[in-house]
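These notes are about the structure you will find just below.
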Amino acid sequence: MPATNIEDLIALCKRRGFIFQSSEIYGGTQGLYDYGPLGVELKNNIKNSWWKSIVYERDDVEGLDAAILTKQSVLKYSGHEETFTDPLVDCKSCGERFRADQVPDYCKKEDLTEPRQFNLMFKTNIGPVDDGKTFAYLRPETAQQIFTNFKNVVDSTSRNVPFGIAQIGKAFRNEITLKSFIFRVREFEQMELEFFVVPGTDEDWHKKWVELRINWWEKQGVPKKSLELYEVPKDELAHYSKATVDIMYKFPHGVEELEGIANRTDFDLGSHSKNQDELSLKSKVSENNESNAKLALKDENNNWMVPFVIEPSAGVDRAILAILNEAYHLEKIEDKERVVLKLKPHLSPIKAAIIPLKKNDEKIVAKAKEIKNKLQSLGMGRVLFENSGNIGKNYRRHDEIGTPICITIDFETLEEETVTVRDRDTMSQKRVSINDLEEVFKDLF
Ligand code: GAP
């Protein structure tokens with residue numbers, strides 16, 4: 001059973017070193033969080049799992065890692081300067097600011113100003129002179145630099161449609177209303193794929209990507225029964241979208257968007273192109289006199305063709321929240337309670353804990369270190385040599401942080417070359433020969 005309230009998750013994240021409030025010793029900054037020793041491992045594991053399924057396990061996707069600071073022209077032609085806004089209202093009685101559609105219940109809503117549009121992009125100065133003109137934006141989505149690099153990637157890889165470009169990285173939004181721990185924050189990470197297809201095949205690809213993405217969530221421990229599909233109504237679609245399906249998840253605070261899968265048509269490639277009148281664009285774009293490239297391909301008749309784009313876009317931080325929520329279990333064992341994170345082993349921050357039964361026995365400690373180094377060298381992720389606390393405390397700690405197995409080294413190990421392997425979920429223990437340990441460990445993943 002997932003966690004019943006967000007407080008349990010927040011407490012676990014802080015207690016065990018997954019997530020901390022940013023700048024906490026100075027009172028913290030709202031909407032900013034830092035990932036601690038376990039959080040960074042979990043985050044990397046989620047991102048690696050996404051990259052593996054999107055880039056390595058397919059033969060039609062290339063990767064990219066573009067700059068975060070983004071030239072103004074990019075976000076002008078993308079439409080963000082004009083439309084990436086939220087309606088802002090001030091309450092004259094409580095003195096707070098809210099998004100007009102998200103005024104909380106504690107505000108009496110009696111003395112609100114008229115909504116005014118507030119652009120969510122952060123700006124920063126570039127170079128030593130702060131003249132207000134030479135600025136860049138902190139990208140509000142990773143997608144735009146995929147579009148601006150379209151020609152570079154095509155020219156350097158000889159790709160033709162259908163193919164995709166994937167990117168994982170930070171995005172920044174000056175959100176008015178923050179929400180539910182890491183659900184809505186001002187600095188977050190996205191895992192985005194822009195998949196370029198022949199116009200006319202876009203609707204089929206859209207359906208296919210929705211299915212593929214649900215399957216991926218299931219493999220991360222977020223079951224179908226916790227997900228809902230939401231077809232965004234036409235009048236709520238983003239300016240670039242012909243159709244968007246949101247994958248919604250039952251977060252502790254309610255059912256909300258986990259990932260969006262949009263049909264972005266030829267809007268972005270068209271918007272960032274020069275000589276747009278030669279491109280037979282299907283979408284309406286603003287004239288572009290600043291771009292020096294045509295972001296298009298030649299079709300079999302040597303005519304320009306601007307691919308349509310299907311975009312699965314998932315937030316890493318929301319993924320962490322959903323995955324932790326699903327993994328969190330509070331179990332009653334006899335008269336005691338245990339918290340256990342039943343994470344899929346490929347996502348666990350620590351893959352195995354190696355525990356010497358006698359902390360000050362040189363031979364046992366040396367054997368434990370030898371086993372740690374052997375398992376570590378297999379490249380499955382972090383293996384921890386755990387030489388503190390008693391065995392019971394170690395088991396509890398590793399249950400709480402989701403370590404799939406604990407391996408105990410004792411006197412028998414020295415005599416018989418065997419270790420005790422304890423399973424996180426069943427708590428069962430078995431004696432395993434050191435010769436077989438590598439296989440037992442690898443079988444987990
Ligand atoms: N390129 C398309 C795009 O950015 P979006 O629906 O605005 O679309 C995609 O964002 C995903 O990014 C969302 O489904 C969510 O997981 C994540 N996301 C968006 N805003 C966020 C925020 N303020 N805090 C945390 N995650 C956010």
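Output the residue which, of all residues in the range 166-175 that are outside any loop (DSSP other than H, G, I, E, B) and more than 8 Å from the ligand (Cβ to nearest atom), is surrounded by the fewest Cβ atoms within 10 Å (Cβ to Cβ).
K170
To keep it simple, each residue is scored yes or no on (1) within 20 Å of A67 (Cβ to Cβ); (2) of a type in the set (K, R); (3) within 27 Å of the chain's Cα centre (by Cα); (4) at pLDDT 95 or above.
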{"residue": "C107", "(1), (2), (3), (4)": "no, no, no, no"}
{"residue": "Q144", "(1), (2), (3), (4)": "yes, no, yes, yes"}
{"residue": "K151", "(1), (2), (3), (4)": "yes, yes, yes, yes"}
{"residue": "S158", "(1), (2), (3), (4)": "no, no, no, no"}
{"residue": "E187", "(1), (2), (3), (4)": "yes, no, yes, yes"}
{"residue": "M191", "(1), (2), (3), (4)": "yes, no, yes, yes"}
{"residue": "V197", "(1), (2), (3), (4)": "no, no, yes, yes"}
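Which of the strands (runs of 3 or more DSSP E) contained wholly in the range 176-251 include at least 2 residues that are touching a Ser or Thr at 6+ places or on another chain (Cβ under 7 Å) and within 13 Å of the ligand (Cβ to nearest atom)?
Filter on the range 176-251 gives 187-197, 243-251.
Does the range 407-420 contain at least one residue that is at pLDDT 95 or above and touching a Cys at 6+ places or on another chain (Cβ under 9 Å)?
Scanning the range 407-420, I find at least one residue that is at pLDDT 95 or above and touching a Cys at 6+ places or on another chain (Cβ under 9 Å), so the answer is yes.
Going by the structure shown, is D266 open to solvent by less than 40 Å² (accessible area, probe 1.4 Å) and either more than 23 Å from I323 (Cα to Cα) or away from the ligand (no atom under 12 Å from the Cβ) (or both)?
So D266 passes the test.
Per-residue answers, yes or no, for (1) open to solvent by 70 Å² or more (accessible area, probe 1.4 Å); (2) in a loop (DSSP other than H, G, I, E, B); (3) touching a residue at least 40 places away in the same chain (Cβ under 8 Å):
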position: D101; (1), (2), (3): yes, no, no
position: K109; (1), (2), (3): yes, yes, no
position: E114; (1), (2), (3): yes, yes, no
position: F118; (1), (2), (3): no, no, yes
position: P128; (1), (2), (3): yes, yes, no
position: A136; (1), (2), (3): no, no, yes
position: E141; (1), (2), (3): no, yes, yes
position: I146; (1), (2), (3): no, no, yes
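State whether the residues of the range 284-296 include one that is open to solvent by 20 Å² or more (accessible area, probe 1.4 Å) and either hydroxyl-bearing (S, T, Y) or assigned to a helix (DSSP H, G or I) (or both).
Within the range 284-296, one or more residues are open to solvent by 20 Å² or more (accessible area, probe 1.4 Å) and either hydroxyl-bearing (S, T, Y) or assigned to a helix (DSSP H, G or I) (or both).
Any residue in the range 302-315 that is among the polar types (S, T, N, Q), open to solvent by 10 Å² or more (accessible area, probe 1.4 Å) and either out of contact with any Asp or Glu (no Cβ under 7 Å at 6 or more places or on another chain) or within 19 Å of L12 (Cβ to Cβ) (or both)? If you could, list the steps in order and put the result at the bottom.
Here is the first cut: in the range 302-315, the residues among the polar types (S, T, N, Q) are 302-303, 313.
When the remaining residues are screened for being open to solvent by 10 Å² or more (accessible area, probe 1.4 Å), the result is 302-303, 313.
Pick out the ones that are also either out of contact with any Asp or Glu (no Cβ under 7 Å at 6 or more places or on another chain) or within 19 Å of L12 (Cβ to Cβ) (or both) and you get 302-303.
Looking for residues that are among the polar types (S, T, N, Q), open to solvent by 10 Å² or more (accessible area, probe 1.4 Å) and either out of contact with any Asp or Glu (no Cβ under 7 Å at 6 or more places or on another chain) or within 19 Å of L12 (Cβ to Cβ) (or both), one finds at least one in the range 302-315, hence yes.
Among the residues in the range 317-327, are any within 16 Å of the ligand (Cβ to nearest atom) and open to solvent by 40 Å² or more (accessible area, probe 1.4 Å)?
Looking for residues that are within 16 Å of the ligand (Cβ to nearest atom) and open to solvent by 40 Å² or more (accessible area, probe 1.4 Å), one finds at least one in the range 317-327, hence yes.
The values are calculated or read from the model by the stated rules, or taken from the named source; none is laboratory data. Model, not experiment: these values are computed from the prediction. Because the Cβ atoms are built from the backbone with ideal geometry, glycine has one as well, and the counts that use them run over all protein chains shown. Accessible surface is based on the protein model in full, side chains and every heavy atom, while ligands, DNA and RNA are left aside. Shrake-Rupley method; radii C 1.70, N 1.55, O 1.52, S 1.80 Å.
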